[in-house]
Structures are given as structure tokens and as C-alpha cells.
Amino acid sequence: MGVPVVHLITDRRLQPDLHGRAAAALAGLPPARVLVQLREKDLPGRELLRVARALAAACHEAGQKLVVNDRVDVALAAGADGVHLPAAGIPVEDARRLLGDEALVGVSCHSAAEVRRAREAGASYATVSPIYDTPSKRAYGAPVGLAVLREAAASGLPVIALGGITAARVPEVLAAGARGVGAIRAWLEAADPAAAVRALLPPTGS
């Protein structure tokens, strides 16, 4: 399964209506270019599954993908396209065994070494973050920067640049070797979410 080039990560504190926002953000976009990552770690399983099913419907209707952060069981039950594993999540090999060879299995990474381990374990892609300063990541230390992104991309695993990504920064992260970009605020706080997502899309063929 190909890895979409724009990854939209949820945060219902910024936008409570995740289904409505996703439907608006994905409207009219080229198919298979965008992935929504449901990342609501404080939601109990039943509520998370309800949200996941609604998002899966919105994503699939628009021809896009959905992955669920950490919860392989919810991804399976919701008919999602895969799972995104946090750094301390279950091993990639176990997620792959449960979800199958065609599923997307992503991993959160913060160094080139972590990306290499993810590749060796059979991950579909890795996010590398934070590339730039961003409010949600300040408590975890300084940005890793473009140098780490370049080294991570050289591993051969598709890498998604995350953290402080704006439309103006897309060309330089692609030049550093990123497969695509991830965003939280850029799509959740935009007045026109579809336009915000289009602005993040790399040129067709990237």
C-alpha cells in the first residue's frame, strides 16, 4: 500500500467535530494522497471506536486513508487502513502480524537510528519530529532539524516530516528527502481546511 504524502493528525481539543472537519478537509482532493491519523489517547475504547468508524467513512468516501494511533484493536474493528505506533508502542512485527501485509504501519521516530530500526522491523513509513519549533513538542526538547531529517530519509524508509510544518516549509523538507509532511494545527485551525491541505500537497509525482 502506497504511503500518502500529507498526514493530518487529529486533536479534538482544537476541533471537537473531527468527522466534519475531516470531510471538509478532504473534499475534492486527489485520491490516495492524504492520510488522517486518529490520535486521541485519552478516549476510552468504545468512544474511540465510534470516532474511528466515522472518520473511516469520511476518509474512504473521499478516497483517502485512516490510521489509528497505537490501538491496533480499534483500527481492526473500525476498518481503518492501518495503525501508527508511538515510540513506546507495540513492536512493528506484532502490528503487522495482526493487521496483515497490506496494512499501513507507521512509527513515530525522533532520530535517524530509530527510523532505521523501523525500516528493519517492516514499517511502512516513519514520522520524524519535531523538525521545527512547535508548541505541542516544546516540553520534549529542541527541534531535531533538517539534518536529522536528511539522515533519516537516507535510510530508504518513507519519512513524513512533522512539527511546525507550514505550506512555505514544504519545499525544504521535500528537498531534505521527506516523502511528505504531517500537520495538526495547519488543518484543524484553518478557516478553509481543504485549501490548507491542498497547500501542503507536494507536486503530483512526489
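The values are calculated or read from the model by the stated rules, or taken from the named source; none is laboratory data. Just so it is clear, the model here is predicted, and its values are computed rather than measured. Heads up, the Cβs are rebuilt from the backbone with ideal geometry, glycines too, and the neighbour counts pull from every protein chain shown.
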Residues within the stretch 145-163 that are small (Gly, Ala, Ser) and within 14 Å of the chain's Cα centre (by Cα), tallied: 2
Looking at the stretch 128-142, can you tell me whether even one residue there is in contact with a Lys or Arg (Cβ under 7 Å, 6 or more places away or on another chain), touching a residue at least 40 places away in the same chain (Cβ under 8 Å), under 17 Å from Val5 (Cβ atoms) and surrounded by 22 or more Cβ atoms within 10 Å (Cβ to Cβ)? yes
Kindly indicate the residue of the stretch 1-25 that is assigned to a loop (DSSP other than H, G, I, E, B) and closer than 25 Å to Pro203 by Cβ and also modelled with the lowest pLDDT among those meeting that condition. Met1
Taking the stretch 92-127 and keeping only residues that are without any contact (Cβ under 8 Å) to a residue 24 or more places away in the chain, closer than 22 Å to Val72 by Cα and among the hydrophobic types (A, V, I, L, M, F, W, C), one is left with Ala95, Val105, Val107
Sole miss for Gly28 among (1) part of a loop (DSSP other than H, G, I, E, B); (2) more than 23 Å from Ala186 (Cβ to Cβ) is condition (2)
Sort out which residues of the stretch 31-60 are part of a loop (DSSP other than H, G, I, E, B) and within 17 Å of the chain's Cα centre (by Cα), and write them in order of number. Pro31, Ala32, Arg33, Arg39, Glu40, Lys41
Going by the structure shown, is Ala147 among the small types (Gly, Ala, Ser), surrounded by fewer than 21 Cβ atoms within 10 Å (Cβ to Cβ) and not in a loop (DSSP other than H, G, I, E, B)? yes
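Yes or no, residue by residue, for (1) surrounded by fewer than 19 Cβ atoms within 10 Å (Cβ to Cβ); (2) not acidic (Asp, Glu):
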position	(1), (2)
Asp11	yes, no
Ala22	no, yes
Gly28	yes, yes
Ala32	yes, yes
Val36	no, yes
Arg46	yes, yes
Val51	no, yes
Gly63	yes, yes
Leu66	no, yes
Does Gly164 satisfy the condition of being buried (at least 17 other Cβ atoms within 10 Å of the Cβ) and modelled with pLDDT under 95? yes
What helices (runs of 4 or more DSSP H) lie completely within the stretch 151-206 and have 1 or more residues being farther than 14 Å from Leu29 by Cβ? 170-175, 185-188
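With respect to Gly63, determine if the residue is assigned to a loop (DSSP other than H, G, I, E, B) and at pLDDT below 95.
Values: assigned to a loop (DSSP other than H, G, I, E, B): yes; at pLDDT below 95: no.
So Gly63 fails the test.
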Any residue in the stretch 93-102 that is at pLDDT 95 or above, part of a strand (DSSP E or B) and surrounded by 15 or more Cβ atoms within 10 Å (Cβ to Cβ)? no
Log entry, pairs with first residue in the stretch 185-202 being under 17 Å from Leu38 (Cβ atoms), second being of a type in the set (S, T, N, Q) and crowded, with 17+ Cβ neighbours inside 10 Å, beta carbons closer than 6 Å, six or more apart or on different chains, reads Leu188/Gln15
Restricting attention to the stretch 14-38, which residues are touching a helix residue (DSSP H, G or I) at 6+ places or on another chain (Cβ under 9 Å) and without any contact (Cβ under 8 Å) to a residue 12 or more places away in the chain? Gly20
